[in-house]
Amino acid sequence: MKNPLVLIIYTGGTIGMVNDPETGVLKPFDFEHLYNSVPELKQFAYDLEAYSMDEPIDSSEMNPSRWGEIAQTIFDNYVNYDGFVVLHGSDTMAYTASGLSFMLQGLKKPVILTGSQLPIGQIRTDGKENLITAIEIAGMKDQTGESIVQEVALYFESSLYRGNRTQKISAENFEAFSSANYVHLAEAGVHISFNKPALFRTTLKELRLKKNFCTEIGLVKLFPGMPIEPIKAYFNLENCKGVIIESFGAGNSFSNDVLKTLLSNYISAGGIVLNVTQCVTGHVNQTKYQTGKMFEQVGVISGADLTTEAALAKLMYVLAEPISLTEKKDNLTKNLFGEISEILK
Ligand code: ASP
């Protein structure tokens with residue numbers, strides 16, 4: 001039996017950072033340092049190869065064009081490896097995981113994002129366990145020789161999550177992520193135990209790369225007493241092809257005629273507005289309350305239980321597709337890559 005071959009893609013993040021002696025702040029460092037800090041990697045019954053982005057970055061510097069570079073690297077190397085581990089800062093890892101789930105369509109191999117809260121060189125680091133287990137999962141196959149995980153997933157502090165369901169929830173705890181509206185894909189204890197029925201399986205025959213996303217979008221978080229004037233610029237097709245509204249509770253808004261007219265005119269002109277909830281669990285239902293009905297009336301699309309991170313990535317992907325406006329809107333409500341629960345409206 002051949003050892004599994006895993007490609008580690010290093011993008012930066014705390015896991016590989018060191019303290020700058022002059023400024024005292026953490027900054028990204030090269031992959032060599034990280035590799036040498038984990039001697040366990042040399043004992044692994046896996047073959048590992050690494051690819052480092054030209055300049056490792058703090059994940060706050062990530063953007064869809066850099067997601068595209070990661071996706072392209074995986075696409076170009078897809079047939080040669082059993083799985084992929086993307087080392088990434090935790091701050092925007094949920095956004096990148098969501099983005100990659102729409103960029104790499106038809107995956108039959110694992111793409112596991114991981115990182116850490118403490119640099120790998122620090123004694124109490126969470127980085128070693130995260131890295132080692134992420135690699136192990138990336139090489140795991142079932143009895144038929146197929147990869148167990150066939151999607152973009154995120155591994156952190158003993159749990160494996162579906163990437164496009166995750167959110168970063170703590171800047172302090174090692175358990176830094178949650179996937180509040182979808183069950184965990186696996187738990188790593190003494191054994192790595194998979195929740196097999198929860199794993200995503202594609203119906204696509206081949207891997208497709210969709211890396212050109214439309215970034216002309218807006219995100220508006222409602223708050224009590226919010227003035228409408230400052231958000232008017234978003235509802236103009238020249239600046240913005242789509243807007244996500246983070247609404248209250250089950251998808252509700254305060255009553256405001258200016259907002260209603262703004263939304264109505266924008267949607268009639270061909271703009272797309274997607275409604276996601278500010279709540280961590282539960283979903284949007286625009287027919288439940290009087291205060292949510294306004295969205296339904298003007299043609300806002302319910303984002304059901306999409307996270308904001310997944311909604312942003314999905315909207316960027318859908319807007320860039322060469323399909324009709326109706327098809328774009330339909331795709332937003334469909335479950336494409338496990339990002340949304342279909343039964344919820
Ligand atoms: N600022 C870091 C980053 O996201 C935090 C981390 O990696 O945990 O790159």
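Quick note: the coordinates plus some simple rules give every number you see, no bench work behind them. The shown structure was predicted, so the numbers you read here are calculated from the model rather than taken from an experiment. Note that we place each Cβ from the backbone using ideal geometry, even for glycine, and neighbour counts take in every protein chain shown.
Computed with the Debye formula from one identical point scatterer per Cα of region 43-96, without solvent, the log10 of I(q)/I(0) at q = 0.21 Å⁻¹ comes to -0.87.
When the Cα gyration tensor is reduced to axis lengths a ≥ b ≥ c, the ratio a/c is 1.5 or higher for region 111-179, and with a/b not above b/c it is classed as oblate.
In a simple Cβ point-charge model (Lys, Arg +1; Asp, Glu -1; nothing else charged), region 153-306 has a dipole of about 540 debye relative to its Cα centre. Taking a ≥ b ≥ c as the square roots of the eigenvalues of the Cα gyration tensor, an a/c ratio of 1.5 or more together with a/b no larger than b/c marks region 1-120 as oblate.
Shape class of region 177-280 from the Cα gyration tensor (axes a ≥ b ≥ c, square roots of the eigenvalues): oblate, since a/c reaches 1.5 or more and a/b does not exceed b/c. log10 I(q)/I(0), Debye, Cα-only region 146-218, no solvent, q = 0.18, 0.28 Å⁻¹? Scattering profile of region 146-218, log10 relative to I(0): -0.84, -1.28. Taking 29 Å as the limit for the C-alpha separation, the pairs K221/K241; K168/K293; K221/K334; K2/K314; K210/K232; K109/K334 exceed it in the case of K168/K293; K2/K314; K210/K232. For the chain, the longest principal axis of the C-alpha atoms and the axis of helix 93-103 are separated by about 80°. Against the chain, whose longest principal axis is taken from its Cα atoms, helix 308-320 shows a tilt of about 80°.
Here region 13-81 is assigned +1 on the Cβ of each Lys and Arg and -1 on the Cβ of each Asp and Glu. Its dipole about the Cα centre then comes out at about 200 debye. The spacing between region 1-28 and region 239-296, judged by their C-alpha centroids, is 40 Å. For region 81-199, the share of DSSP beta bridges that are antiparallel, to the nearest 5, is 65%. Enter the angle in degrees (range 0 to 90, nearest 10) between the Cα long axis of helix 64-77 and the first principal axis of the Cα atoms of the chain, meaning the one along which they spread out most. Once rounded, the angle reads 40 degrees.
Beta-bridge orientation, the chain: approximately 35 percent antiparallel, per DSSP, counting only bridges with both partners inside. Taking every DSSP beta bridge that has both ends in region 227-307, the antiparallel portion is near 10%. Descending by average beta-carbon neighbour count within 10 Å, the peptides 68-78, 49-59, 216-226, 114-124 line up as 114-124, 68-78, 49-59, 216-226, the highest first.
Take every pair of alpha-carbon atoms less than 8 Å apart whose residues are at least six positions apart; their mean separation over the length of region 1-149 yields a relative contact order of 30 percent.
Computed from the Kirkwood radius of its Cα pairs, the Stokes-Einstein diffusion coefficient for the chain at 10 °C and 1.306 mPa s stands at 76 µm²/s. If only the Cβ of Lys and Arg carry +1 and only the Cβ of Asp and Glu carry -1, the dipole of region 48-200 around its Cα centre is close to 440 debye.
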